[in-house]
Amino acid sequence: MSALKKAALSVTSAALLSVLLAGPASAVSQDTTDDAPKPPVGMSQVGGEQLGRSGTQVNLGAGAPVLPKGLTGRSWMVSDAETGDVLAAHNPHWRLPPASTLKMLFADTLIEAPALQPKTLSYTVKDADLADMGEGSSLVGVKEDLSYTVHDLWLGVFLRSGNDAVHVLASMYGGVPKTVADMQAHAVELQALDTTVVSPDGYDAPRQVSSAYDLTLFARSGLQKADFREYCATATAQFPGEQKKGGKRESFGIQNTNRLLTGADGVGQYSGIAGVKNGYTTHAGNTFTGVAQRNGKVLLVTVMNPSSDETHAVYKEAAKLLDWGFAASGKVAPVGELVPPTSADTGTATGKGAQAGRPASDNGTQGAKAAEAAAASDESGGVGIALAIVGGVLVLVSGAVFLVNRRWPLPDLVRRLPRR
């Protein structure tokens, strides 16, 4: 066994031991006198020792802007999607209920599965496929005895956060238990060791937790895949509706619930935004992971459960952190890094750089790979969306112009599944 593999095994084993000792019950500590949950004293140090500390972590350099005021998320993190540098974080390894942001792991695990290929594959929904969904689940409107393509169902997952679409895709994949097991295995492979998967849709369930760090890893891994990029960047689409007797099947419009992408409900559309996923449940509060690009920089931000009473606080705090991240890039020392998957080929370098998940010669400046060009159009007659195009492009979506750089974060150290 090479020294690098031994080091990676040691890091993974130590992190797994930390998970087992702390236990998912540490996701929300006992109420204190001020009724505010507190992060656990000891948290995972995957990605760096500083990320295991409670409170806000930032290393400001000369000329760096201070962090935004009024941040109320229990946990948040802003990172460079390409280099993997974590620019600032607040309790990033606090294990909290993830809500529908867990659907990023669901999609990253299943989206290239042979059982769900090709995207035009059609499936007739059975009653059993829609059983056991949580009461009050978010739905896109999937109906039993009607057929949907895999493409339709993924649109339902990403745009409307449809638990019904998740359960149908899980059925096609081999069932919910298999889906949950494979999601958990994939989380471990990504070194997302704060995560315990119980339900594939992110609906509140005992012991189901993740963290801002892990959600960021899921987004970064998912963005390696063209279909994932397509769906998380889609603002509007048409979804199949009822089949009229003797007539053509109807469709209805759906809009992405990511308000930074659509600029809906009083939230300003964020310049350069290109996904990825939001969520909400009573237990989790609001959660959000987003990716955005400006001036050649691609940043990832995750915010979990802000306590602010301000409407749509999760989006506003995420936007503030992105603004800060773009202004601070190159002026702060990283507080940690996004680790590569355990299967990543990190070469044979040894020493501090290799232990951190990078070859020693890389020095944390790994560039991005050009993404494979791809395009998607609304098959139901809506406005088409150009996706995954190398370089900046203006994309017209639902009457709004998006400036999105399609030089997607594809660092060498992040494993890419072989293309079919």
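For Val209, indicate whether it is on the phi < 0 side of the Ramachandran plot, in contact with a helix residue (DSSP H, G or I) (Cβ under 9 Å, 6 or more places away or on another chain), modelled with pLDDT of 95 or more and buried (at least 21 other Cβ atoms within 10 Å of the Cβ). Lay out the reasoning, then the answer.
Details: on the phi < 0 side of the Ramachandran plot: yes; in contact with a helix residue (DSSP H, G or I) (Cβ under 9 Å, 6 or more places away or on another chain): yes; modelled with pLDDT of 95 or more: yes; buried (at least 21 other Cβ atoms within 10 Å of the Cβ): yes.
So Val209 passes the test.
Would you please name the residue that is modelled with the lowest pLDDT, looking only at residues in region 336-360 that are assigned to a loop (DSSP other than H, G, I, E, B) and charged (D, E, K, R)? Step through it out loud before you land on a result.
Of region 336-360, the ones assigned to a loop (DSSP other than H, G, I, E, B) are 338-351, 356-360.
With charged (D, E, K, R) added as a condition, the list becomes 345, 358.
Values: Asp345: 59, Arg358: 34.
Ranking the candidates gives Arg358 first.
Determine which single condition Val180 fails, assuming it passes every other condition in (1) assigned to a loop (DSSP other than H, G, I, E, B); (2) open to solvent by 10 Å² or more (accessible area, probe 1.4 Å); (3) hydrophobic (A, V, I, L, M, F, W, C).
(1)
Touching a His at 6+ places or on another chain (Cβ under 6 Å) and open to solvent by less than 40 Å² (accessible area, probe 1.4 Å): does that describe Thr109? Give the steps one after another, and end with the answer.
On the way: touching a His at 6+ places or on another chain (Cβ under 6 Å): yes; open to solvent by less than 40 Å² (accessible area, probe 1.4 Å): yes.
Yes.
From (1) modelled with pLDDT of 95 or more; (2) open to solvent by less than 40 Å² (accessible area, probe 1.4 Å), pick out the condition that doesn't hold for Asn59.
(2)
Give the residues of region 147-173 that are open to solvent by 10 Å² or more (accessible area, probe 1.4 Å) and in contact with a Pro (Cβ under 7 Å, 6 or more places away or on another chain), sorted by residue number.
Hit for region 147-173 is Asp152, nothing else.
Just give me the residues in region 267-284 being crowded, with 20+ Cβ neighbours inside 10 Å, closer than 26 Å to Ser137 by Cα and out of contact with any Asp or Glu (no Cβ under 6 Å at 6 or more places or on another chain), in sequence order.
The answer is Ala274, Gly275, Val276, Lys277, Asn278, Gly279, Ala284.
Conditions: (1) touching a Pro at 6+ places or on another chain (Cβ under 7 Å); (2) part of a loop (DSSP other than H, G, I, E, B); (3) under 18 Å from Ser138 (Cβ atoms); (4) not aromatic (Phe, Trp, Tyr). Arg207 meets all but one. Number of the miss?
(3)
Limited to region 122-137, what total is found for residues that are at pLDDT 95 or above and under 19 Å from Thr179 (Cα atoms)?
7
Could you look through region 69-84, keep only residues that are among the charged types (D, E, K, R) and over 10 Å from Pro306 (Cβ atoms), and pick out the one that is most open to solvent (accessible area, probe 1.4 Å)?
Residue satisfying both the conditions and the ranking: Lys69.
Specify which of the listed residues (Ala264, Ala333, Ala327) is open to solvent by 10 Å² or more (accessible area, probe 1.4 Å), modelled with pLDDT under 95 and out of contact with any helix residue (DSSP H, G or I) (no Cβ under 7 Å at 6 or more places or on another chain).
Ala264
Here's the yes/no breakdown for (1) in contact with a helix residue (DSSP H, G or I) (Cβ under 7 Å, 6 or more places away or on another chain); (2) of a type outside the set (S, T, N, Q); (3) under 23 Å from Arg95 (Cα atoms):
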{"position": "Lys248", "(1), (2), (3)": "no, yes, no"}
{"position": "Thr287", "(1), (2), (3)": "yes, no, yes"}
{"position": "Pro306", "(1), (2), (3)": "yes, yes, yes"}
{"position": "Leu322", "(1), (2), (3)": "no, yes, yes"}
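Can you pull out every residue in region 115-146 that is among the aliphatic types (A, V, I, L, M) and open to solvent by 20 Å² or more (accessible area, probe 1.4 Å)? Please lay out each step first, then the result.
Just the residues of region 115-146 that are among the aliphatic types (A, V, I, L, M), to begin with: 115-116, 121, 125, 128, 130-131, 133, 139-140, 142, 146.
Ala115, Leu121, Ala128, Leu130, Ala131, Met133, Leu139, Leu146 - these are the residues of region 115-146 that are among the aliphatic types (A, V, I, L, M) and open to solvent by 20 Å² or more (accessible area, probe 1.4 Å).
Looking for whichever is polar (S, T, N, Q), modelled with pLDDT of 95 or more and within 27 Å of Ala88 (Cβ to Cβ) here; the options are Thr195, Thr179. Which one fits?
Working: Thr179 fails: within 27 Å of Ala88 (Cβ to Cβ).
Exactly one residue qualifies, and that residue is Thr195.
Quick check on Leu87: is it over 20 Å from Pro200 (Cα atoms), open to solvent by less than 40 Å² (accessible area, probe 1.4 Å) and outside any helix (DSSP H, G or I)?
yes
Can you list residue pairs whose Cβ atoms sit under 6 Å apart, with the first residue in region 241-254 being open to solvent by 60 Å² or more (accessible area, probe 1.4 Å) and the second being of a type in the set (Gly, Ala, Ser) and part of a strand (DSSP E or B)? Count only pairs 6 or more apart in sequence or on different chains.
Glu250/Gly241; Phe252/Gly241
Residues that are assigned to a strand (DSSP E or B) and open to solvent by 20 Å² or more (accessible area, probe 1.4 Å): does region 214-237 have at least one?
Looking through region 214-237, at least one residue is assigned to a strand (DSSP E or B) and open to solvent by 20 Å² or more (accessible area, probe 1.4 Å).
Is region 127-148 home to any residue that is touching a residue at least 12 places away in the same chain (Cβ under 8 Å) and within 16 Å of the chain's Cα centre (by Cα)?
No, region 127-148 contains no residue that is touching a residue at least 12 places away in the same chain (Cβ under 8 Å) and within 16 Å of the chain's Cα centre (by Cα).
So the check is Cβ under 8 Å with 6+ separation or different chains; which pairs have a first residue in region 302-330 that's under 20 Å from Gly263 (Cα atoms) and among the polar types (S, T, N, Q) and a second one that's part of a loop (DSSP other than H, G, I, E, B) and open to solvent by 70 Å² or more (accessible area, probe 1.4 Å)?
Thr311/Gly266
The values are calculated or read from the model by the stated rules, or taken from the named source; none is laboratory data. Note that the coordinates shown come from a computational prediction; the quantities given were computed from them, not determined experimentally. Ideal geometry is used to build each Cβ from the backbone, glycine not excepted, and the neighbour counts take in all protein chains shown. Ligands, DNA and RNA are stripped out before the accessible areas are found, and what is left, the full protein with its side chains, is counted by its heavy atoms. Shrake-Rupley method; radii C 1.70, N 1.55, O 1.52, S 1.80 Å.
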